[in-house]
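Quick note: the coordinates plus some simple rules give every number you see, no bench work behind them. Remember, predicted model here, so these are calculated numbers, not experimental data. Virtual Cβ from ideal backbone geometry, glycine too; neighbours counted across all protein chains shown.
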């Protein structure tokens, strides 16, 4: 067993799925954050288990050819980025390998069916949503930032390389207001204080900005002053919302929203369609890459005007509605009532009359459609990270769609579900990873499955 605090000379040979470097020391796998494949380094052991250990880079003896200097002062502290220390191309290589390994090893598919990853044209300033916990620094000033990895300790920040540039002016005004008026900050240990999160959303195509304050209260002191300061200094401000969260919870937003300014939503354009975004709406955080993702999903679906498309886990309807004009009927299924209302509103907003949205669990809705004798020609799946329930896979296979387009944010659960679908007679025709989250370990994948001819 490796001993804590011992230092070894070694070389980083691989990455974990979380993006930590991996080296081998005395047949032990040692996981080393912020290292790069090809680094030759002195690694200090921090923690040792029976078959593996955790370490940190003490000294880089010979840097990887893929290593670059991080362009963020708090990169190693905040945990928002995993890959600011390697080239974007080597990051894409990591994501391609991650998808390839999962789909071939777990899913059992032929690796030649996996296309090259679709990378981002811009790897910085792409996030159109920021949920920033509020804290107090050592000098007693209100600040916002990000939680350090695996903690609730807030690392204060003045700027971020991932967030939209539209956010910085709003952050500065919010902090000026909070400090000027001595607004208290929420303390989760004793469940007191007011300000919990500053939540910002930006519509890139329309240049509309939303400011949402998440508070442990139904109203804010000096509320009108905040509205005045924001509205007078932010020309692109469309809405200010107060979200009330008085629960003892790690969940960021509560269920209650009150509009302080504007309409309570912003509108963006995605795949030439308009989408209203409210504080509780789901919307992809990287609009430009989401367009590429949805276009690829539509290409895989290969729809025609005589077909019925079933969009499971439809959220606010974004994927299905971008395909609605290619089909006879679109049916969307989503369990969150507010998301279903947003989907219906988005259909009206885009003058789409062939769409129906059902508020139900995906498996329940599939059974409802079975009873109605609805037989979709194509089903689009975009489940949460945990993937599909096996009962849903059973129900979908019983509906016998010709094609299934599976959009996944987790290669491992995607691969597991592909294996289950193969047992039902559905096989992968093609797959492609899409990078929606540059500088992080996350990667989306689009897969087309059909029955064998």
Specify the inter-centroid distance of segment 177-200 and segment 8-83, based on alpha-carbon positions, in whole Å.
36
Calculate, for residue 77 and residue 361, the FRET efficiency according to 1/(1 + (r/R0)^6) with r their C-beta to C-beta distance and R0 25 Å; round to the nearest 0.05.
0.05
For segment 50-119, Rg(Cα) over 2.2 N^0.38 Å is 1.43
Among 112, 408, 64, which comes first, then next, by fewest other beta-carbon atoms within 10 Å?
112, 64, 408
Inter-part gap, Cα centre of segment 211-264 to Cα centre of segment 291-358, in whole angstrom, is 30
Determine by what factor the alpha-carbon radius of gyration of segment 129-270 differs from 2.2 N^0.38 Å, reporting the quotient.
0.99
Percent of all Cα-Cα pairs per 5 Å bin for segment 371-423, counting from 0 up to the last occupied bin, reads 4, 19, 31, 26, 13, 5, 1
To check my understanding: the extent here is largest minus smallest coordinate of the Cα atoms along each principal axis. What are those three numbers for the chain, in Å, largest first?
64, 63, 38
Label-zone membership for segment 104-119, site residue 93, 7 angstrom Cα→C-beta point, backbone N under 19 Å
115-119
Evaluate E = 1/(1 + (r/R0)^6) for residue 229 and residue 1, where r is the Cβ-Cβ distance and R0 equals 45 Å; express this FRET efficiency to the nearest 0.05.
0.15
Would you calculate, for the chain, the mean residue ellipticity at 222 nm contributed by helices, counting each DSSP H stretch of 4 or more residues as -39,500 (n - 2.57) and dividing by all residues, to the nearest 500?
-7500 deg cm²/dmol
How far apart, in nanometres, would the label points at residue 372 and residue 179 be if each is projected 7 angstrom from Cα along the Cα-to-Cβ direction?
5.5
Residues 138, 62, 278, 391 arranged by fewest to most Cβ contacts within 10 Å:
138, 62, 391, 278
Cα extents of segment 236-368 along the three principal axes, largest first (Å):
48, 38, 25
How high is the relative contact order of the chain, given as a whole-number percent (alpha carbon pairs under 8 Å, six or more residues apart)?
12
Could you list 357, 275, 282, 125 in order of exposure, starting from the residue whose Cβ has the fewest other Cβ atoms within 10 Å?
125, 282, 357, 275
Per residue, what volume in Å³ does the Cα convex hull of segment 7-67 take up?
71
